[in-house]
Amino acid sequence: MIIRAALVAVLFGIASSLFAQNAPLPPEPLPPALQLPLQPGSGPMIIGPGGNITVPGMAETEPAASAGFEPAVGRVGRPVEYRVTITGSQRPVEMPDPPVPPGLDVAPGGRSIGTQVLNGALVMTSTYRYSVVCTRAGNFTMPAFEVAIGTKRVRVPPAGLTVIEPDPGEAAYQPARVELDLPQRDFFVGETIGARLVVIETPDESPQFVAHVAKTTGAAVFRPSMRPKREQITIDGKQFNGLAMPVQITPILEGDAELGCQVMVHVQKMDPTGRRSGFTVQTTLDSKPAKVRVLALPRAGRLPGFTGAIGRFSVAQPRLSAGEVEAGEPVTLTIAIAGEGNLEGVAAPEIDASSGWQAYKPTTEFQADAEDPHGVRGSKTFVYTLVPAREGLKSTPPLPFCYFDPVRRAYVDITVPPLPIVVKASSAAASPTESVKSEPPPAPEAPRTAEPAMTGLEEQPGRWVRALGPALGGRWFLILQAVPPALLLGLWAWRRRKEYLAANPQIVRRRRARVAARRELAAARTAARKGDHEGFLRASAGALREAAAPLDTAQAASLTREEVLRLLGDDENTSALARKLLDSADAANYSTKAGNGFEPAVLLPELERAVQTLSRRA
């Protein structure tokens, strides 16, 4: 009876919790209002729940709209500003694209919020700016259109513009331009080149900052620093003002190539007098292609220990953790290589296994030179763990290493010489064995004869009876009684889980992304075993994008390289690997030649670590 009462109580509690799930939940408390500065002298702007914007002392008025051109008379080929002002709106407005008449090119230029006094009351205004370029002379009218403000619709009136031909002898409009400043010489496949991407200021446009850089060719890998500086730039003996951005370029295909890039930059327009107008727009500029010749590394003269180092390097004095060890005792060997080139991607030199030393895979650490804006100078440290196989060794094995000098076009040997060390015999002694006296086993006891204690009872139970005790104490009875509450508990948990996933779709998205990332990683492992470079690149890029998809709430295939790198954050090692794999994948997709400057089996562990880093952050 006690067990039945307990089971009824459990069932009643579960049923009550299930019915309670259908009860309406109380509304969650809204976050407190945010206060942001609006303009100097206008007081704070308060953004409350729902996105409503208020200013202390601001009157509530019916929203209205106005539009116009500044100036109202423009010239062919020179931009004018088209402004749309929404007055009295306390909600964010999604401005539709205005209807553009033929002969005008319109580009959005940003939005500003302010206040003004209207009929003695303080009201809020939102101004939307557009850059308009006229391609021919004539009279143009920007048609009227409607804007949705909450549940209301406001009509934007039409605006007229008169366009005239430029005066005789007037200079044509000069937009900002982009050029790629490269060293004047031949390059080699796999070489890291320090170059500059310069955005030049003109009398009509002044670049403010660079938002994005994309390469236009698959013949090289671009790595911009995204930290441009305003400075004076000398090109062909002429001085210009503008932005200079250091960029690393690594050619991956040999032959004649044209290197170029596309830059998304924000520029400030100048008025006809040459002063800054305060009107900034975003524009996309293409650099003039730079013609270069990329050569393959020569095979003649290649020395032992070449692991892909291209540039100019030197080896510091190697260090041993101890000068005297016993056979079988590990010792660490530290080697530091510094210089200018592709040192970040250089593999560690290998130690000869027949030298009497057992060597393990070394750990590496790259440190870039903080004073080098291009990031091609730095140092790399290799730490080897060596174990002497026998006593009597007098020195560590030599470490063959060489690099290719692209200026001298020759291989340079910088082999690490042996270091003196004393290897003694092992001091571990064999543990003595203890003799154990054998004792004769005890004699077995004679078997005892069981005598019946009770008589007259059945020796076997009946057909339906398995035990003589009550059914309530049987295990099967307790298990059968626990089945209904277990089913109800499982249904309740399933329903709670379903409602939780519906309220948190990011969990489902993260789970699908991890499954897709594991699938792409499996494909990358298969391609690495087969030596399929293109398949490994395609699967690696897919794994990185799938793992980063939950962080960007976008489809994995739509993520660009810069978006994946931004999601990696300050993890330099994983960012460098992701950049190399994504750039190589782009080169394999858009070029008839694919670079073979990497080994899939070597990059596979680093790829798995990068995917794990993205999965943890997701």
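The values are calculated or read from the model by the stated rules, or taken from the named source; none is laboratory data. Just so you know, these numbers come straight off a predicted model, no measurement behind them. Neighbour counts are summed over all protein chains in view; Cβ atoms, including those assigned to glycine, are modelled from backbone coordinates with ideal geometry.
Some observations on this one:
- Some residue of region 349-364 being surrounded by 16 or more Cβ atoms within 10 Å (Cβ to Cβ) and either closer than 30 Å to S131 by Cβ or touching an Asp or Glu at 6+ places or on another chain (Cβ under 7 Å) (or both): no
- Being surrounded by 12 or more Cβ atoms within 10 Å (Cβ to Cβ), within 35 Å of the chain's Cα centre (by Cα) and basic (K, R) is a condition met by at least one residue of region 495-508.
- Yes/no for T162 being among the hydroxyl-bearing types (S, T, Y), farther than 29 Å from V294 by Cβ and surrounded by fewer than 19 Cβ atoms within 10 Å (Cβ to Cβ): yes
- F536 at pLDDT below 85, part of a helix (DSSP H, G or I) and either more than 23 Å from the chain's Cα centre (by Cα) or not assigned by TED's automatic domain parsing to the domain that holds L582 (or both): no
- None of V436, V423 is modelled with pLDDT of 85 or more and either closer than 19 Å to E324 by Cβ or not in a strand (DSSP E or B) (or both) except V423.
- Matching residues in region 338-348 - criterion: being surrounded by fewer than 19 Cβ atoms within 10 Å (Cβ to Cβ) and either over 28 Å from S395 (Cα atoms) or among the charged types (D, E, K, R) (or both): E340
- Considering the conditions (1) more than 23 Å from L259 (Cβ to Cβ); (2) of a type in the set (G, A, S); (3) modelled with pLDDT of 75 or more, S584 is excluded by exactly one of them, (1).
- Test: V407 is surrounded by fewer than 19 Cβ atoms within 10 Å (Cβ to Cβ) and within 30 Å of L243 (Cβ to Cβ): yes
- Within region 247-303, if we keep just the residues that are small (G, A, S), under 25 Å from V213 (Cα atoms) and out of contact with any Gly (no Cβ under 9 Å at 6 or more places or on another chain), the residue that is modelled with the highest pLDDT turns out to be G255.
- Filter result (in a loop (DSSP other than H, G, I, E, B) and among the hydroxyl-bearing types (S, T, Y)) within region 366-419: T396, T415
- Scanning region 326-358 for residues that are among the β-branched types (V, I, T) and either farther than 25 Å from P183 by Cα or not assigned by TED's automatic domain parsing to the domain that holds G375 (or both) gives V331, T332, T334, I335, I351.
- Of residues in region 175-186 being touching a residue at least 24 places away in the same chain (Cβ under 8 Å) and assigned to a loop (DSSP other than H, G, I, E, B), the one surrounded by the most Cβ atoms within 10 Å (Cβ to Cβ): A176
- Region 280-292 - residue that is farther than 30 Å from R129 by Cα and surrounded by 13 or more Cβ atoms within 10 Å (Cβ to Cβ) and, of those, farthest from the chain's Cα centre (by Cα): V292
- If the condition is being basic (K, R) and over 15 Å from P158 (Cα atoms), then region 62-103 contributes R75, R78, R91.
- Which numbered condition G597 fails, given (1) loosely packed, with under 14 Cβ neighbours inside 10 Å; (2) under 20 Å from A347 (Cβ atoms); (3) modelled with pLDDT under 70; (4) not polar (S, T, N, Q): (1)
- Spans of strands (runs of 3 or more DSSP E) in region 187-274 with at least 3 residues surrounded by fewer than 20 Cβ atoms within 10 Å (Cβ to Cβ) and free of Cβ contacts under 8 Å to residues at least 40 places away in the same chain: 229-235
- Verdict on E170 being part of a loop (DSSP other than H, G, I, E, B), farther than 30 Å from G255 by Cβ, at pLDDT below 80 and within 37 Å of the chain's Cα centre (by Cα): no
- Meets criteria (more than 23 Å from D583 (Cα to Cα) and modelled with pLDDT of 80 or more) for F222: no
- Among the residues of region 106-136, those identified as under 35 Å from the mean Cα position of the chain (by Cα) and more than 19 Å from R155 (Cα to Cα) are V106, A107, P108, G109, G110, S112, I113, S131.
- Taken residue by residue, region 137-145 has no member that is touching a residue at least 24 places away in the same chain (Cβ under 8 Å), within 30 Å of P251 (Cβ to Cβ), within 45 Å of the chain's Cα centre (by Cα) and buried (at least 20 other Cβ atoms within 10 Å of the Cβ).
- So A338, is it within 14 Å of Y403 (Cβ to Cβ) and free of Cβ contacts under 8 Å to residues at least 60 places away in the same chain: yes
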